[in-house]
């Protein structure tokens, strides 16, 4: 395992503080803002014990409470709903105004659920709703908006949780291992599973967590299958690289909003970012937003 991580590091690489340390100020400021501004959306979690594991059904109930709250604040949310499917993913369908929760998704902690609610509803869905007041393009996303979109979702999720989810770091690293490099061949699907499963076991032991090997296996395969989505992950590789956007976008949006925190303009900057699905660091996107007029 150490060899796999070591293969990604150049001997000339500079060591940097962790993301949590680099962006501590913006994470703390956003944590306070979201839990205050949207506190009613999170009341549904109060009935659960802090160490409870929420099922997909529990998650759906909480998401419906959040949607009802948003509908009571803004009529533009009417028509949005929460539905189940047979998958394991959690996603937003902007066209159909749906929050989709897979019934096969693994149970999660209350903290994880709060972060996901913020990520999916208070970022992805909300930017679609607010963007729809300006134009169809700002509702579905301007060209090349994805990195900023997923980065903002990851940043808000991290702010709510109080730390950056390991899945964001793991996916970035594991995609690199799956792709290979000039001095290292790509990891095949079965090799990636052994690597990720071993890492999960080590983390559980270090954290003194109760270990459910069956659940650990299920969660690990979910992670690995996502990386090799679209291929068998054998001698013919296809790697799902979209997840790189979470890491790259996190840094982009953290820098952007950290500047707003320094200027004492976080609330104004977030209101601007919620003008639609666009990249606030892209001059062409900013012009489109400036030229658009929101519905009253």
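Derivation of every value follows stated rules applied to the coordinates shown; laboratory data play no part. In this text the structure is predicted, and so the values were computed from the model without any measurement. Here the Cβ positions follow ideal geometry from the backbone for every residue, glycine too, while neighbour counts run over all protein chains shown.
Here are the numbers:
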{"quantity": "Highest-MSF residue in the chain out of 285, 84, 16 [GNM, Cα springs under 10 Å]", "calculated": "16"}
{"quantity": "Inter-centroid distance (Cα atoms) of region 206-256 relative to region 105-147, Å", "calculated": "20"}
{"quantity": "For peptides 211-221, 273-283, sequence by mean Cβ density within 10 Å, most packed first", "calculated": "273-283, 211-221"}
{"quantity": "In degrees, nearest ten, helix 24-37 long axis to first principal axis of the chain (Cα)", "calculated": "50"}
{"quantity": "Burial ordering of 89, 97, fewest other beta-carbon atoms within 10 Å first", "calculated": "89, 97"}
{"quantity": "Residue order, fewest to most surrounding Cβ atoms within 10 angstrom, among 64, 253, 108, 30", "calculated": "64, 108, 30, 253"}
{"quantity": "Whole-number percent relative contact order across the chain, with pairs defined as alpha carbons under 8 Å at least 6 apart", "calculated": "21"}
{"quantity": "Using alpha-carbon coordinates, inclination of helix 146-161 to the longest axis of the chain, degrees", "calculated": "90"}
{"quantity": "Length-normalised contact order for region 118-195 - Cα pairs under 8 Å, 6+ apart - percent", "calculated": "21"}
{"quantity": "From the coordinates shown, percent of Cα pairs over 32 Å apart corresponds to which of (i) 46; (ii) 32; (iii) 28", "calculated": "(iii)"}
{"quantity": "Normalised contact order of region 64-202, rounded percent, pairs of Cα under 8 Å and 6 or more residues apart", "calculated": "15"}
{"quantity": "Highest-fluctuation residue, 135, 158, 198 considered, GNM on the chain with Cα pairs under 10 Å", "calculated": "198"}
{"quantity": "Sorted by Cβ neighbour density within 10 Å, fewest at the top, the residues 156, 201", "calculated": "201, 156"}
{"quantity": "Of 255, 47, 71, the one that fluctuates the most in a GNM where the chain has Cα springs shorter than 10 Å", "calculated": "47"}
